[in-house]
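The structure under discussion appears below in the form of structure tokens.
The values are calculated or read from the model by the stated rules, or taken from the named source; none is laboratory data. Here the structure is a predicted model, which means the values were calculated and not measured. As a convention, Cβ positions derive from the backbone with ideal geometry for all residues, glycine included, and neighbour counts pool all protein chains shown. Calculation scope for accessible area: heavy atoms of the full protein, side chains included, ligands and nucleic acids excluded. Shrake-Rupley method; radii C 1.70, N 1.55, O 1.52, S 1.80 Å.
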Amino acid sequence: MSVLKVNNLSKNFGGIKAVTEVSLNIEKGEIIGLIGPNGAGKTTLFNLLTGIYTPTSGEIIYDLDKKAYTKDLKPHKITHYGIARTFQNIRLFQNMTVLDNVLMGFHSGLKYSIVSTFFRLPSYYKTEKSTYDEALELLIKFNLLDKKNELAKNLSYGDQRRLEIARALAAKPKILLLDEPAAGMNPKETKELNFLIQWIRETFDLTIILIEHDMSLVMNICERIFVFDYGHLVASGTPLEIQRNERVIKAYLGEEALQC
Ligand SMILES: Nc1ncnc2c1ncn2[C@@H]1O[C@H](COP(=O)(O)OP(=O)(O)O)[C@@H](O)[C@H]1O
Ligand SMILES: [Mg+2]
């Protein structure tokens with residue numbers, strides 16, 4: 001079952017063609033890898049998928065049943081359709097605690113209205129209480145509970161990256177986009193991330209798309225890989241197919257890929 005479809009999508013910035021005529025189809029439950037050199041258009045594709053940029057041309061269909069197209073969707077609406085993300089440059093509320101960062105992630109999904117919040121009706125407390133409990137549960141799952149009162153800025157790099165994923169999950173997405181989740185992590189943290197990503201896919205019934213330069217991570221956990229170069233989708237396939245693709249080896253992977 002398809003959960004996301006992109007048709008002939010392009011994004012230009014003045015004369016720069018960041019994404020050119022990209023078409024792809026993502027199936028429910030897949031872990032997809034986006035790879036390619038810096039400047040290939042990978043993050044721009046995420047920014048298009050999350051409504052930060054509007055396409056120059058082409059379309060994104062989020063929910064094939066409801067036919068929700070990108071053209072008139074703002075980012076909060078896209079969250080509503082079940083897409084959440086992390087950022088290449090970590091974007092946490094640095095001066096807020098770990099727990100408050102996760103609580104902020106629930107914001108888009110909260111069930112009470114402004115009126116009931118104002119008058120503090122029971123539904124407010126009920127939602128708030130269960131939200132609080134769910135936030136603690138997420139922190140337990142991400143091994144961050146003992147740091148719940150620390151400011152985000154005081155966490156290690158690896159912990160910050162994991163906190164950002166926890167916050168994204170609080171919005172209860174169907175599709176999770178991770179932009180270079182292993183960047184800045186040490187080998188031990190990267191190995192843990194490997195298991196964490198597979199575990200969250202199972203536990204939260206997710207489809208995951210990740211941009212990553214760490215080839216052992218990508219080749220280990222992705223079922224399909226899309227390769228970008230100068231804004232074009234130049235190859236797609238299983239990890240094995242990608243590792244054997246002459247064009248990909250020449251343009252990006254180099255000889256070391258053959259040893260993965
Ligand atoms: N907001 C922007 N304004 C102008 N150019 C941009 C903008 N965002 C990205 N680009 C350009 O688009 C191209 C693709 O960038 P990006 O999507 O960040 O690549 P990647 O994530 O694959 O490294 C680059 O040439 C980059 O400079
Ligand atoms: Mg990028």
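Couple of notes before you dig in:
- Enumeration of residues in the stretch 61-89 that are hydrophobic (A, V, I, L, M, F, W, C), modelled with pLDDT under 90, closer than 24 Å to Glu212 by Cβ and in a loop (DSSP other than H, G, I, E, B): none
- Looking only at the stretch 167-192, and only at residues there that are more than 16 Å from ligand 2 (Cβ to nearest atom), surrounded by 21 or more Cβ atoms within 10 Å (Cβ to Cβ) and among the small types (Gly, Ala, Ser), the one that is nearest to the chain's Cα centre (by Cα): Ala168
- The stretch 83-108, residues that are within 15 Å of Ile52 (Cα to Cα) and more than 16 Å from ligand 2 (Cβ to nearest atom): Ile83, Ala84
- Count of residues meeting criterion [open to solvent by 10 Å² or more (accessible area, probe 1.4 Å), farther than 15 Å from Leu196 by Cβ and in contact (Cβ under 8 Å) with a residue 12 or more places away in the chain] in the stretch 138-156: 7
- Among the residues making up the stretch 193-232, those that are open to solvent by 10 Å² or more (accessible area, probe 1.4 Å) and assigned to a helix (DSSP H, G or I) are Asn194, Phe195, Leu196, Gln198, Trp199, Arg201, Glu202, Thr203, Met215, Ser216, Met219, Asn220.
- Per the listing Met219, Met215, Met185, the residue uniquely closer than 30 Å to Thr131 by Cα and aliphatic (A, V, I, L, M) is Met185.
- Close contacts from the stretch 160-184, counting a first residue that is free of Cβ contacts under 8 Å to residues at least 40 places away in the same chain and part of a helix (DSSP H, G or I) and a second that is away from ligand 2 (no atom under 16 Å from the Cβ) and of a type outside the set (S, T, N, Q), with Cβ to Cβ under 6 Å and a gap of 6+ residues or different chains, come to Arg162/Phe142.
- Checked against the criterion of being closer than 24 Å to Ala170 by Cα and at pLDDT 95 or above, the candidates Gly33, Gly41 yield just one match: Gly33.
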